[in-house]
Amino acid sequence: MQISVANLDDHLRRGLAPAYLVYGDEPLLVNEACDAIRAAAQASGFGERERHTVEPGFDWNALYAASQSLSLFAARRLIELRLPSGKPGETGAKMLIDMLAQPALDTVLLVVAGKLEKRDREAKWVTAIAGAGTVVAIYPIDAAQLPAWISRRMRARGLVPGPGVAELLAHHMEGNLLAAAQEIDKLAMSRDQGAVVSADDIEDSLSDNARFTVFGLADSCLQGEAAAIERILGNLRSEGVEPVLILWALAREARELTYMAADLEAGRPLPAVLESRRVWAKRRPLVSRALKRLSLARCHDLLQRAARADRAIKGRLRADPWTELECLALGLANAAPGTCEQIAQ
């Protein structure tokens, strides 16, 4: 059986399956799904927990023997098996299939993996888990789904999101679900149950966060404020903010501007473009001004600049990452100095 993570709690209330596979490339949701299974197992008397990680040289025979033997310390046990690569190999696949052919009554097997490609999802060992137990598939939450996810999570933490709050938090935390969850937890710790959270509360909460400063940099880029860009970048560098975080924010703006510039060139009216790309209402004037300055060709240049900065940060290009970030930021502002005009290939 395969279920979505949204249906996992209902499934666990009906009783535990002999085996679970939890996979996906959203670590927060994968970990929370595993926590839910662990809690249900403990509540059902599975008092012992064994943890294994598949690495080169992993002893599959020992795991198989352990799964068939009685627990020494508890009447029931949970065996966790982490597959960092998502591939158990030929020997591991055979062992998993054999283990699931006749699951031990006193054991629940929990297999945890990252993203599985289509071919991996169709492997016989995955089919065996689905046949004997439950597969929990976890997919990333995209930008369109994120505000609703944030609203649900805030309410689950006893908070009431005010108008525009979920959208504002989604804008600041898009692409980093863990950061969004941590921000919600921080808000919940500082407020009473049932408290209404306003947009001003969110901005106050984020004001001392490096992430907020990075988004301030992005807004200055859209405004075309070259002096502010230079000042903010200097502060971020002196504070030790990782260049990859800055690139993440700037590259996202470059991608979104490219999508919107392409729509405008195709003849779509600006209000419809902003609506379709779910641009938050308070940012629409900023984005509109940027789109008036930047042509589609210029936006494509920005994507090349972002790729160049990425290579510099990763050490694949002999260039200073901070200089590349400056060129990208000033390019977004359409105010790049001459040294940034030519993009080295």
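The values are calculated or read from the model by the stated rules, or taken from the named source; none is laboratory data. Everything numeric in this text was worked out from a predicted model, so none of it was measured. Cβ sites come from the backbone with ideal geometry, for glycine too, and all protein chains shown count toward neighbours.
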Within region 132-175, restricting to residues that are under 20 Å from Val30 (Cα atoms), free of Cβ contacts under 8 Å to residues at least 40 places away in the same chain and assigned to a loop (DSSP other than H, G, I, E, B), the one that is farthest from the chain's Cα centre (by Cα) is Arg157
Please indicate, with yes or no, whether at least one residue in region 308-317 is surrounded by 15 or more Cβ atoms within 10 Å (Cβ to Cβ), in contact (Cβ under 8 Å) with a residue 40 or more places away in the chain and not charged (D, E, K, R). yes
Hits in region 78-122 - residues which are acidic (Asp, Glu) and buried (at least 16 other Cβ atoms within 10 Å of the Cβ): Glu80, Asp120
I'm trying to understand the selection: among the residues of region 48-58, which are out of contact with any helix residue (DSSP H, G or I) (no Cβ under 9 Å at 6 or more places or on another chain) and part of a loop (DSSP other than H, G, I, E, B)? Glu55, Pro56, Gly57
Is it the case that some residue within region 85-100 is among the β-branched types (Val, Ile, Thr) and touching a Leu at 6+ places or on another chain (Cβ under 7 Å)? no
In this structure, does Ser67 turn out to be among the polar types (S, T, N, Q), touching a residue at least 24 places away in the same chain (Cβ under 8 Å) and not in a helix (DSSP H, G or I)? no
If you check Thr134, Thr107, which single one turns out to be hydroxyl-bearing (Ser, Thr, Tyr) and closer than 29 Å to Leu177 by Cβ? Thr134
Report, by residue number, each residue of region 245-286 that is assigned to a loop (DSSP other than H, G, I, E, B), within 17 Å of Gln223 (Cβ to Cβ) and touching an Asp or Glu at 6+ places or on another chain (Cβ under 7 Å). Trp280
(1) surrounded by 15 or more Cβ atoms within 10 Å (Cβ to Cβ); (2) on the phi > 0 side of the Ramachandran plot all hold for Gly194 apart from (1)
Taking only region 92-111 into account, find how many residues are aliphatic (A, V, I, L, M), over 13 Å from Arg76 (Cα atoms) and at pLDDT 90 or above. 6
Yes/no for Arg289 being at pLDDT below 95 and part of a helix (DSSP H, G or I): yes
Restricted to region 210-269, and to residues that are hydroxyl-bearing (Ser, Thr, Tyr) and touching a residue at least 24 places away in the same chain (Cβ under 8 Å), which residue is surrounded by the most Cβ atoms within 10 Å (Cβ to Cβ)? Ser220
Among the residues of region 213-224, is there at least one that is touching a helix residue (DSSP H, G or I) at 6+ places or on another chain (Cβ under 9 Å), over 27 Å from Leu296 (Cα atoms), part of a helix (DSSP H, G or I) and of a type in the set (Val, Ile, Thr)? yes
Is one or more of the residues making up region 17-34 part of a strand (DSSP E or B), surrounded by fewer than 17 Cβ atoms within 10 Å (Cβ to Cβ) and touching a strand residue (DSSP E or B) at 6+ places or on another chain (Cβ under 7 Å)? no
Cβ pairs under 7 Å, 6+ apart or interchain, first in region 29-50 and under 26 Å from Ala65 (Cβ atoms) and in contact (Cβ under 8 Å) with a residue 12 or more places away in the chain, second assigned to a helix (DSSP H, G or I) and of a type in the set (Val, Ile, Thr), ordered by first then second residue, are none
